Protein chains: 2
Amino acid sequence: MNLQELFGKRVRELRQKQELSQEALAFKAGIDRTYMTSIENGKRNVSIQNIEKVITALDVPVKDFFASDIFIEGKK
Amino acid sequence: MNLQELFGKRVRELRQKQELSQEALAFKAGIDRTYMTSIENGKRNVSIQNIEKVITALDVPVKDFFASDIFIEGKK
DNA sequence: ATGTGACTTGTAGTCCGTG
DNA sequence: ACACGGACTACAAGTCACA
């Protein structure tokens, strides 16, 4: 599992914890709903600017976003 | 200071700690030497796949890479 | 409300150089 | 060793119709 997929997984995790829909989060982040879908599913090679938008929309510091065990290598 | 700039700053920090040249790191990461320059200077909107390449080349887990106080918001 | 394939446009990323 | 620039190609951004 690469970082691209892990990122999507983490976004979904944090989004669901807040009981937000993809649409609502996409709106907060200022990106398209369908684009958010493909991000969460690890289909897109997202750029750092959009990464920042999404993390900001999740209301979590970047540091905390990546402070998860899924970001320690060797995960499936 | 946005995430793009913070990323470059952090890359430079970790690279210099290992006494690697930009060229050497770029080679390890499999990306262009001139591109590494602009990444460190926060000039490029890097994609997550290249982010992963760089972090991997730095021999640090993703989690640790972002476990720095510069990634708590409100930094200059 | 979420997911997918297909598409166009802008830019990421490469490769050649310069100081 | 680092920064920057021009010219090029590959690919991400962004949107849509449809399921």
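Counting, for every residue in B:66-73, the Cβ atoms of other protein chains within 10 Å of its Cβ and taking the mean gives 5.
The angle between the Cα long axis of helix A:48-57 and the main principal axis of chain A comes to about 70°, on a 0 to 90 degree scale. Helix A:3-17 and the long axis of chain A differ in direction by around 60°, with both axes built from C-alpha atoms. The overall shape of chain B is prolate: from the C-alpha gyration tensor, with semi-axes ordered a ≥ b ≥ c, the ratio a/c is 1.5 or greater and a/b exceeds b/c.
Note on B:R33: accessible area approximately 120 square angstrom, rounded to 10, probe 1.4 Å, nucleic acids and ligands left out. Here chain A exposes an accessible surface that is 46 percent carbon and sulfur, computed with a 1.4 Å probe and the other protein chains kept in place.
The values are calculated or read from the model by the stated rules, or taken from the named source; none is laboratory data. In this text the structure is predicted, and so the values were computed from the model without any measurement. Ideal geometry is used to build each Cβ from the backbone, glycine not excepted, and the neighbour counts take in all protein chains shown. Protein only, heavy atoms only, side chains kept; ligands, DNA and RNA dropped before computing areas. Shrake-Rupley method; radii C 1.70, N 1.55, O 1.52, S 1.80 Å.
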